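J.: Submitted below is the structure of interest, expressed as structure tokens.
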Amino acid sequence: MREKDYWKKIKNPWTDIEGYHCFACSPNNSSGLHLEFFEDGEDIVCEWLPDIRYQGWLNTLHGGIQATLMDEVAGWVVTTKLGTCGVTSQMKIRFLKRIDTTEGPIIIRARLEEMKRNLAMISAEIRNSKNEICATSNLVYFTYSKEVAAKTFFLRTPKEND
């Protein structure tokens, strides 16, 4: 049985909101990545199939797309695990191994490492189809109170949609 068989699908609560066109996770953005997310214990996980539209060098996934993937999965850690929203205030990336756009799906995984008041420290990684770690990131998210998030940024969280 594949690891993915144990993941719990997270329903995207914003898909029916007019004007929602997130480049990373909106199914309505024709240029977007159309990411879907799952819970795997404390981790938020995404499986995604890169293709040549997102290459930098020949058959190589662009580093900016890799950064976007890790940032987005980290953002879903904030919304799903913390029940609020936030903005990326810091992101440190290590590109360890080239990701081929023709080899099959990759796995992006993130988890909350620590909270310091309203700062969420999150680690993320991308693994290729051979399960090799290709990129890692340490992110700091500035998180909003649940009240500010509900009034200002979004109407519901993934947990409220269960």
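J.: Would you mind telling me which residue in GLU18, GLU39, GLU147 has the biggest mean-square fluctuation in a Gaussian network model of the chain, where springs connect alpha carbons within a distance under 10 angstrom?
T.: Maximum among the listed residues: GLU18.
J.: Given only helices, namely DSSP H runs of n ≥ 4 each adding -39500 (n - 2.57), what is the per-residue ellipticity at 222 nm of the chain, to the nearest 500 deg cm²/dmol?
T.: That comes out to -4000 deg cm²/dmol.
J.: Right, next: Of all trypsin sites (Lys or Arg not before Pro) in segment 2-39, which ones are in loop regions per DSSP and have a Cβ with at most 15 other Cβ atoms within 10 Å?
T.: ARG2, LYS11
J.: Also, quick follow-up: To the nearest 20 debye, what charge dipole does the chain have about its Cα centre, counting +1 at the Cβ of each Lys and Arg and -1 at the Cβ of each Asp and Glu?
T.: Computed charge dipole of the chain: roughly 340 debye.
J.: I'd like the per residue volume of the convex hull spanned by the Cα atoms of segment 3-155, given in cubic angstrom. Before the final figure, lay out the partial values.
T.: On the way: hull volume 16.8 nm³, N = 153.
It is 110 Å³ per residue.
J.: Something else about it: Which of LYS8/LYS146; LYS8/LYS81; LYS8/LYS151; LYS9/LYS116; LYS8/LYS97; LYS9/LYS81 have a Cα-Cα distance over 21 Å?
T.: Exceeds cut-off: LYS8/LYS146; LYS8/LYS151; LYS9/LYS116; LYS8/LYS97.
J.: At most 15 other Cβ atoms within 10 Å and a DSSP loop assignment: could you name the GluC sites (Glu not before Pro) in segment 70-140 that fit?
T.: GLU103, GLU132
J.: When you take every Cα atom in segment 28-111, what is the radius of gyration, and what is Dmax, the widest Cα pair distance, in Å?
T.: Expressed in Å, the Cα Rg and Dmax of segment 28-111 come to 13.3, 40.
Taken together, the values in this text are just the output of simple stated rules run on the coordinates, not laboratory data. Computed from a predicted model, the values in this text were never measured in an experiment. Positions of Cβ are backbone-derived with ideal geometry, glycine not excepted, and every protein chain shown enters the neighbour counts.
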